[in-house]
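Remarks on the structure that follows.
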Amino acid sequence: MARIVGVYASSHAPLIVRNWSGVTPANKVALTSALTEIGRRYKSARPDVLIVISPDHWVNFFIDNLPGICVGMGEEHEGPAEPWMKEFPHRKIAGHPKLANHIVQTALERDFEPAISYHLTLDHGFCIPIWKAGIDPLPPIVPIIFNDLEPPFPTVRRCLAWGSMLREAIESYPEDIRVAILATGGLSHSIGEPTMGEIDEPFDHECIRYFEKGDERALVEFLNERLPTIGNGAAEIRNWVAAHGAAGKRGFELIGYCNVPEVYVGCGFAAWNLAAS
Amino acid sequence: MRDYWLSKLFFDLQSSPSAAAEYRTDRRKVLDRYPLKPEVRAAVERDDVVFCSQRVNPYLLRFYFFVAGMSEADFLRKVKVAGADAAARSSHG
C-alpha cells in the first residue's frame, strides 16, 4: 500500500520570481531559508510521487467552464506558461495517471465529484514552490486544482473533507509507493482589489496558530468567519486546509513566516505532523 | 456579477503574448473581435479601472492592465479609487 511521507505548505507569490531584485536582503534570506528547508524535508522523506494542491490562475480554466476541484490525470503536464517563468527548468512534467485515477475513483465513492483533465498546464502556483525549494529532478506529479480565485468557492469544511478523502485514497492505493503532498498559496494577500498590497499579519499569525493546534472545528470556524473579511488571495488557504485533512489533522510545524510587502504576500511555510498510518 | 465578454478579452490577452502584442499595437482592431456593450468598450478605451473592476475577476483585472502597459503604481492608485467609489455608493444606500 502507498503511504504519506510528507505534507507541506508553501506560499507561491509570483513576485518572488518577477521582482526578486526588489525583495529586501532580510526577506530574501527568510524566503530562501524557508523554501530550502521545505526542500530538505521533502528530500529526506524520499517520496516517489508528489501531489500538489494549488489554484489555477486563469491558465487552464475560465468562467465558461470553471471546476471547483480538478484532478490532473495526464501522463504529462505542461510547464508554466507565464513568460516570466521561462527560467523554470521543466517544460514537460511527468504525471502519475494510475494514482490520479485512484484518487478520482475514491472521491466518487465518497460522494465528491471532481473534474478531471488529461492535459493541464502547471502555472506558477505549482512551479514556484517546487522550483525554489530545489526539488529537482521532479518526481511524477499529480496536480489537484482548487478554485480559489473566482467565487463561489468550495467551502472550508468541504476542503477539509477532501483532504481526509485524499488520505484515504493514498492509503488504499495498492502499490507500495511513498507520497508527498504540497499545498501552495496564501497566506494573506490581496490582488487586483482596492486593498491590493495589504498584508494582514495578525490574521496570518492567528491562522498559523489554528493550524498548529490542529483542532479542525476551531480552524474551520475561524476561516469561515475571517476569510470573507480579508484580501482575496487568502482564499488559497483552502489548499492548506485540504493538506491539513490529508495529514490527519494533527497540526503543523511552522517552518517560516515573513510579511513581504515587496511581493504583496504574507508568506508562510509549514510541514504537518503526520498521523501514524 | 461578471461581464462575460470583458472577462474573455482580459483572459485572452493574458493568455497569449502575441495577442497582447497586437493589442498594444492596435487596440481597436482587437476590441472589434469582442461583442462588448458600448459602455464597456468605452470604459476599456479610456482605461477605466473603476468601471472594469466591477465587472471582472480582480486577478484578471490586474493581469489585463499589466499586459496593457499600465504601470503598477498607476494601477494601485486607480484600484484604490475603485474601493473608495464602492464605499461611497454603499454609504448612499
Tell me which residues, restricted to region A:114-128, are of a type outside the set (A, V, I, L, M, F, W, C), touching a helix residue (DSSP H, G or I) at 6+ places or on another chain (Cβ under 7 Å) and not in a loop (DSSP other than H, G, I, E, B). A:HIS124
Restricting region A:5-63 to residues that are β-branched (Val, Ile, Thr) and within 14 Å of chain B (Cβ to nearest Cβ), the one surrounded by the most Cβ atoms within 10 Å (Cβ to Cβ) turns out to be A:VAL59
Of the listed residues (B:ALA86, B:ALA68), the one being touching a Phe, Trp or Tyr at 6+ places or on another chain (Cβ under 9 Å), within 25 Å of A:GLY231 (Cα to Cα) and modelled with pLDDT under 95 is B:ALA68
From the list A:GLU221, A:GLU175, A:GLU198, exactly one residue is of a type outside the set (Lys, Arg), surrounded by fewer than 19 Cβ atoms within 10 Å (Cβ to Cβ), without any contact (Cβ under 8 Å) to a residue 60 or more places away in the chain and more than 14 Å from chain B (Cβ to nearest Cβ). Which is it? A:GLU221
Some residue of region B:74-83 being more than 14 Å from the chain's Cα centre (by Cα) and more than 10 Å from every other protein chain (Cβ to nearest Cβ): yes
Reported set for region A:64-83 where residues are touching a helix residue (DSSP H, G or I) at 6+ places or on another chain (Cβ under 7 Å), more than 12 Å from A:CYS127 (Cα to Cα) and within 14 Å of another protein chain (Cβ to nearest Cβ) is A:PRO83
State which residue is nearest to the other protein chains (Cβ to nearest Cβ) when the search covers only region B:28-47 and only residues that are surrounded by 14 or more Cβ atoms within 10 Å (Cβ to Cβ) and under 25 Å from A:ASN60 (Cα atoms). B:TYR34
Considering only region B:1-40, give the helices (runs of 4 or more DSSP H) lying wholly within it that have at least 1 residues that are in contact with a strand residue (DSSP E or B) (Cβ under 6 Å, 6 or more places away or on another chain). B:4-15
Scanning region A:20-49 residue by residue, those aliphatic (A, V, I, L, M) and in contact with a His (Cβ under 9 Å, 6 or more places away or on another chain) turn out to be A:VAL49
Name the pairs: first residue in region B:3-14 and facing chain A (nearest Cβ under 9 Å), second residue among the hydroxyl-bearing types (Ser, Thr, Tyr) and surrounded by fewer than 22 Cβ atoms within 10 Å (Cβ to Cβ), Cβ to Cβ under 7 Å, at least 6 apart or on different chains? B:LYS8/B:TYR34
State whether one or more residues within region A:229-239 are touching a Gly at 6+ places or on another chain (Cβ under 7 Å), within 14 Å of chain B (Cβ to nearest Cβ), closer than 14 Å to A:VAL156 by Cα and part of a helix (DSSP H, G or I). yes
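The values are calculated or read from the model by the stated rules, or taken from the named source; none is laboratory data. Note that the structure is a prediction, hence the values are computed from the model and not measured. All Cβ positions, glycine included, derive from the backbone under ideal geometry; neighbour counts span all protein chains shown.
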